[in-house]
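Asker: I'd like to ask some things about the structure below.
The numbers here are math on the coordinates, done by the rules we state, and not lab data. Everything numeric here is computed off the predicted structure, so don't read it as measured data. Heads up, the Cβs are rebuilt from the backbone with ideal geometry, glycines too, and the neighbour counts pull from every protein chain shown.
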Amino acid sequence: MDQKRAVRAWVMYDWANSAYSTTMMAAVLPIFFVNVPGAGVGDDVALTAWAYTQSAAMLLLVLLSPVLGAVADVSGAKKKLLGGFMALGVLATTLYAFVGEGQLWFAIALTLLGVVGFNGSLNFYDALLPDIAEPEERDRVSARGYAYGYLGGGLLLAANLVMIQKPEWFGLDTLGGTRLAFVSVALWWLLFSIPLFRRVPERRPAAAVPAGEAVRLAFARLSATFRQLKHYPELVKYLIAFWFFSDGIGTIIKMATAYGETIGIGTSHLIGALLITQFVGFPCAIVFGRLADRFGAKSGLYLSLSIYVLITVLGYFMTTALHFYLLAAMVGLVQGGSQALARSIYTRLIPAGRNAEFFGFMSVWSKFAGIVGPAVFGYVNMIGNSRLGILALVAFFVIGIFVLTRVDLEKGAREAERDLSPPVGGSDGSLPVGR
């Protein structure tokens, strides 16, 4: 195969699907959800419904992830399955253009389908990486995919902002501009995925395994890995810390624009601020990597999480669009860096040669970590208000930082080197990525 063409085609899928993560998950859809399908129930109820829907989607993904991972390992049809989940996400995104006022349950169903389609496709997308890159190349190729995602998602979000601010240029009313943005995401996702299906090869499994047996083995492997964590106490402490701070970060990403809408900040300002986050995030992730080289990854992670505490406290007092712009820039400073450093620390604490097993576990754990934060925000918003909901997220970062202080990375690395636990079948390190 032409490896360079295959790599270019593979990373283009990050360019394609990031339109969903930026416009639908972070920027435009949360505002639309509160204002249109949530019309008539009140902003607080609509915001709570959005928060609970995010928690429900993550719970569904926790249950589905081992199944999808097992099917990816043994199917020999990763591109077909990727296409099926992508089609589900594209369809849900398109149908959002037809959601009317008060159609809250229709919107909830489409959100669940879209999130499952998006994340389900990523399982098979990640599983294609070993088919196009050698082990020593995969970190670089994976990082290139993320970079394409930042750029592609940001460019379409900028175009979507024009559609929403100037709908008359397209012969549409105000709400029509938002609906056109949803259709543009679906088309962007679909069209820019074509290179992957045309140029990315996939290896067939060496031995055929029935899908049902593969799923059973996947859950057995996940359970066995969980039981083996007792051999790695520093890793366990790190996973607990990660559970808290990752949930806090994810909740801010999912709830920021919906929260801003309920306190009276205009749509164009909210989306414009998210553009700042998108374009600031990429270079700052590189800067954090260099800081980690000089001062240590743990110090860099402390810094980024401390800034998140400040962001959350300031978010409680936010009243103007300028405040939201400044907070969005602060999020951009630390978002990419915190995620990159969290993953690099994890790699030091897991036994060498068993990357696939432990990253598979981390994939499920990270989705599990996305359940509680939105639910807490929604509950506090329901019994109090949205400002208290944002302030409640401080606890996730403070607890995460505290537990992180108890993690001894050098001791954890020694525990990983000893590798006292027996390997679980299928751990060949073939998928050194995690989302």
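Asker: Points 7 angstrom from Cα along the Cβ direction at Ala220 and Leu191: gap in nanometres?
Answerer: A separation of 4.8 nm, rounded to one decimal place.
Asker: Here is a further query. Using amide H atoms built in the peptide plane, which far-off residues or other-chain residues are under 5 Å from Ile263 H to H?
Answerer: none
Asker: Name the helices (complete DSSP H segments) of the chain with a Cα length along the long axis of 30 Å or more and a Kyte-Doolittle mean of at least 0.5, or state none.
Answerer: Both cut-offs are met by 43-74, 104-127, 233-262, 267-295, 297-317, 321-349.
Asker: Using +1 on the beta carbon of Lys and Arg, -1 on that of Asp and Glu, and nothing else charged, what's the dipole of the chain about the Cα centre, debye to 20?
Answerer: 700 debye
Asker: Highest mean first, how do 240-247, 91-98 rank when packing is the count of other Cβ atoms within 10 Å averaged over residues?
Answerer: In decreasing order of mean packing, 240-247, 91-98 become 240-247, 91-98.
Asker: How are the alpha carbon pair distances in segment 1-198 distributed across 5 Å bins from zero to the largest one, expressed in percent?
Answerer: Bin by bin from 0 Å, the calculated values are 1, 8, 15, 18, 19, 15, 10, 7, 4, 2, 0, 0.
Asker: To continue, here is another question. Please name whichever of Ile271, Ala375, Phe295 sits farthest to the positive end of the charge dipole of segment 217-419, dipole taken about the Cα centre and charges placed at Cβ: Lys and Arg +1, Asp and Glu -1.
Answerer: About the Cα centre, the residue reaching furthest to the positive side is Phe295.
Asker: Across the chain, how many lysine pairs, 8 or more apart or on two chains, come within less than 14 Å at their alpha-carbon atoms?
Answerer: 4
Asker: Principal axis lengths of the chain from Cα atoms, whole Å, largest first?
Answerer: Result for the chain: principal-axis Cα extents of 60, 47, 37 Å.
Asker: Let me ask you something else. Using the scaling law 2.2 N^0.38 Å as the reference, what is the normalised Cα Rg of segment 217-419?
Answerer: Compactness ratio reported: 1.08.
Asker: Turning to a different aspect of this structure: Sticking with the crude label model, points 7 Å out along Cα→Cβ, report the distance from Lys411 to Ile240 in nm, one decimal please.
Answerer: Here the answer is 1.3 nm between the modelled labels.
Asker: What dipole magnitude, in Debye to the nearest 20, does segment 1-198 give about its Cα centre under +1 on Lys/Arg Cβ and -1 on Asp/Glu Cβ?
Answerer: Dipole about the Cα centre, nearest 20: 520 debye.
Asker: Among Glu134, Glu234, which comes first, then next, by fewest other beta-carbon atoms within 10 Å?
Answerer: Ranking Glu134, Glu234 by Cβ neighbours within 10 Å, fewest first, gives Glu134, Glu234.
Asker: With unit charges on the beta carbon (Lys/Arg positive, Asp/Glu negative), name the residue among Thr178, Ile401, Gly100 whose Cα is farthest towards the positive pole of the charge dipole of the chain.
Answerer: Positive-most Cα among the choices belongs to Ile401.
Asker: Let me ask something else. Round to the nearest 0.05 the FRET efficiency obtained for Lys80 and Val162 when R0 = 35 Å and r is the Cβ-Cβ distance.
Answerer: It comes out at approximately 0.45.
Asker: From the residues Met330, Ile350, Pro167, which one has its Cα farthest along the dipole of the chain in the positive direction, the dipole being from +1 and -1 charges on Cβ of Lys/Arg and Asp/Glu about the Cα centre?
Answerer: Ile350
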